[in-house]
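Below you'll find the structure, written out as structure tokens, and then a few comments.
Values quoted throughout were computed directly from the atomic coordinates according to the rules given, and no laboratory measurement underlies them. Quantities reported herein were computed from a predicted structural model and do not represent experimental measurements. Here the Cβ positions follow ideal geometry from the backbone for every residue, glycine too, while neighbour counts run over all protein chains shown.
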Amino acid sequence: MRYVHAGSIAAAMPSLLQLPALTLLILEDNSLHSLAQLDVLLPLKGLVEMFVSNPVMNVKWFRPYLAFRFPALQVRSSYDGNLVKTWNLTT
């Protein structure tokens, strides 16, 4: 497991792109507020699971937007071992 710490996803992308087998991404406390900020993750083709704990989860159309942009992705809203909610975006 590798950890990449950055204040924003865009700042972390150079490091993330060097992990071609990346399947799990944990996004906590990154100050994500808009759906467009998630688009920088599109090059991560192997991404199938993401834990999100950011204000972007409260944005209208969050779930349909992720389903459209990342059809294979499963999103969880907590990484502390007690999963609050798990979404399979295509169902």
Task: Total residues in the stretch 14-54, condition surrounded by fewer than 12 Cβ atoms within 10 Å (Cβ to Cβ), within 16 Å of S77 (Cβ to Cβ) and either in contact with a Phe, Trp or Tyr (Cβ under 7 Å, 6 or more places away or on another chain) or not charged (D, E, K, R) (or both) - done: 0
- [ ] Look at the stretch 22-78 and say how many of its residues are under 18 Å from A11 (Cβ atoms), aliphatic (A, V, I, L, M) and not in a loop (DSSP other than H, G, I, E, B).
- [x] 10
